[in-house]
Amino acid sequence: MKILIIGAAGMIGMRLARSIIKDDFNGEINDITLFDVIPPKIENHKNSYKIKTGDISDPNIISELINQKPDIIYHLAAIVSGDAEENFEKGWDINAKGTWHLLEGIRKKFLTSNGSYKPKFIYASSLAVFSGPYPSAINDDFSPNPESSYGAQKLVGEILINEYSRKGFLDGVALRLPTIVVRPGKPNKAASSFYSSIIREPLNGIEAILPVPENLCHWFASPLSAIRFLRHAAKLDFKKLGNRRSLNLPGVSCSISDQILALEEIAGTKTSKLIKKIPDKKIEDIVNNWPQNFMADRAIELGFVADKDFKDIIQIYINEEINT
């Protein structure tokens, strides 16, 4: 089995690569390629892997990757939400055209192989494909209607995956991941970055900025759950998806005040005092249009499992990033 991870230098990409390299899909993998604009930092393991770098919007680079005929392709590469909103052309080049080039590369290989090449294509989509007004909980029949460039670009990817799967060129699934927290490292240009910062920084004795009201609710999952989602997707019987290739994944719904309370229960009030409220209208306008709660029945029936609660999410960060 050959696996290609596109976006392997990102936080989720590197964790996914480490997870796959470590257990080798029970010895079934004979080739792993990690691709991104910069080399991913993966520790040496007993199993070998290849690292390739390049621009996903370059069809020649994509052709080289697909010519290896990977059996499973993880497409995690993206320009994050805030960056995509500020840099319109960059966002569409990477998030939409890059996905198009990937799918076209697969289609062409399918045709030149007389239909013998048909990979599983696992796409990291986003809750940003939705916009309000929302019901109390979004079910699997709620229609996407993005109100951000990032959400629009992700929805384009979903539609393309549905179409290319319908035509039989590949077996694709788009996973609408919850917002992943708590991310290690430093804040990035994602509009959702503060959701991790208000937990991560205080736990490390650093002040954090809260740019939105505490009553704002959202849908979360831990990095550990994200890897489990992606690994589980590779084992799915894609026939069970029918002609609906996009899945709302399970998660934890809570408000920012609930997040802060969970933080205090684990680490005391001294940590929450490091959170400083500094409103940012631009960020608030973006995240106010994001979903707050889901009924992810299809994904749950297919075996996807969420974190227990937000305290569990914080504890995962502590165990993986602070206590190691």
For the stretch 253-264, check the following and say yes or no: at least one residue is over 14 Å from His218 (Cα atoms) and of a type in the set (Gly, Ala, Ser). yes
Looking only at residues in the stretch 282-315 that are of a type in the set (Val, Ile, Thr) and closer than 20 Å to Ala233 by Cβ, which one is surrounded by the most Cβ atoms within 10 Å (Cβ to Cβ)? Ile300
Restricted to the stretch 256-282 and to residues being of a type outside the set (Val, Ile, Thr) and not in a helix (DSSP H, G or I), the residue nearest to Lys311 (Cα to Cα) is Gly268
Lone unmet requirement of (1) in contact (Cβ under 8 Å) with a residue 60 or more places away in the chain; (2) surrounded by fewer than 17 Cβ atoms within 10 Å (Cβ to Cβ) for Leu127: (2)
Under the condition of being more than 20 Å from Arg15 (Cα to Cα), among the aliphatic types (A, V, I, L, M) and surrounded by fewer than 23 Cβ atoms within 10 Å (Cβ to Cβ), which residue from the stretch 50-65 is modelled with the highest pLDDT? Leu65
What number of residues in the stretch 156-198 are in a helix (DSSP H, G or I) and either under 18 Å from Ala84 (Cα atoms) or among the aliphatic types (A, V, I, L, M) (or both)? 9
Does Lys97 qualify as being surrounded by fewer than 24 Cβ atoms within 10 Å (Cβ to Cβ), touching a residue at least 24 places away in the same chain (Cβ under 8 Å) and not in a helix (DSSP H, G or I)? no
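The rows are residues; the columns are (1) touching a residue at least 40 places away in the same chain (Cβ under 8 Å); (2) aliphatic (A, V, I, L, M).
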residue	(1), (2)
Asp237	no, no
Gln292	yes, no
Val305	yes, yes
Lys311	yes, no
Glu321	yes, no
Hey, can you tell me all the residues within the stretch 199-231 that are within 24 Å of Ala124 (Cα to Cα), among the hydrophobic types (A, V, I, L, M, F, W, C) and in a strand (DSSP E or B)? Cys217, Trp219, Phe220, Ala221
Residues of the stretch 176-218 that turn out to be free of Cβ contacts under 8 Å to residues at least 40 places away in the same chain and under 13 Å from Ile260 (Cβ atoms), as a count: 1
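The values are calculated or read from the model by the stated rules, or taken from the named source; none is laboratory data. Because the structure is predicted, anything quoted here is derived from the model rather than measured. Here Cβ is always computed from backbone atoms with ideal geometry, including for glycine, and neighbour counts include all displayed protein chains.
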